[in-house]
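The values are calculated or read from the model by the stated rules, or taken from the named source; none is laboratory data. Keep in mind it's a predicted model, so treat the numbers as computed, not measured. No Cβ is skipped: glycine too gets one built from the backbone with ideal geometry, and neighbour counts run over all protein chains shown.
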């Protein structure tokens, strides 16, 4: 098994829109391949365990996932589940990365057909099964969103509100005490631009918490 993590994505990326399934047959072995959209490691592992319950007695339940954009995932992992090291989960993850399948879990449930494939054959079978499943998938574009709370003087509220639309930012909540607290959802790639505009409009009289 392998894991890793990086920073939160800021640019739009592709992800699969809904779960799908594909079966590859290779020398009598069946490679039942399942793709799931996932947001967390816990969601991914829950899908794997559910397949173990739904399809008991399979030879292997190999998996790989990417969370976030495929070219800069915030987390990724794979598991060979008893297959020779590097012949199942790793090529599955490689295909997800190369095909740009963000926020995606791939699970391959193998039913052994009695003929050994060898290391090269396993790599081709597991990678090919995921690639062909992705050919059947529906896709969607994901725009990463950040949430920020801005504290500003009352006199600056209207000007700050007017600067939000061009950045596709949305006010989630407003509270008033000694200052105005604006809780805002904004595309992550526009965070710096929003901060610069608020700084200009308030002459630096603002608080900022992401």
| field | Set 127, 120: member being on the phi < 0 side of the Ramachandran plot and crowded, with 16+ Cβ neighbours inside 10 Å | value | 127
| remark: The correct count of residues that are crowded, with 16+ Cβ neighbours inside 10 Å and free of Cβ contacts under 8 Å to residues at least 24 places away in the same chain in the stretch 9-54 is 1
| query | Within the stretch 158-191, can you find the residues that are in a helix (DSSP H, G or I) and either touching a residue at least 60 places away in the same chain (Cβ under 8 Å) or loosely packed, with under 12 Cβ neighbours inside 10 Å (or both)? | reply | 158, 162, 165, 166, 188, 189, 191
| Do we find a residue being part of a strand (DSSP E or B) and outside the structural domain of residue 95 (by TED's automatic domain parsing) anywhere in the stretch 192-202? | no
| Does the stretch 77-87 contain at least one residue that is assigned to a strand (DSSP E or B), assigned by TED's automatic domain parsing to the domain that holds residue 33, in contact (Cβ under 8 Å) with a residue 24 or more places away in the chain and surrounded by fewer than 16 Cβ atoms within 10 Å (Cβ to Cβ)? | no
| message | Here is a check on your reading of the model: is residue 37 at pLDDT 95 or above and more than 19 Å from the chain's Cα centre (by Cα)? | response | no
| field | Selection within the stretch 90-126 - in a helix (DSSP H, G or I), more than 19 Å from the chain's Cα centre (by Cα) and under 17 Å from residue 63 (Cβ atoms) | value | 122, 123, 125, 126
| Are any residues in the stretch 138-157 in contact with a helix residue (DSSP H, G or I) (Cβ under 7 Å, 6 or more places away or on another chain) and surrounded by fewer than 16 Cβ atoms within 10 Å (Cβ to Cβ), and if so, which ones? | 145
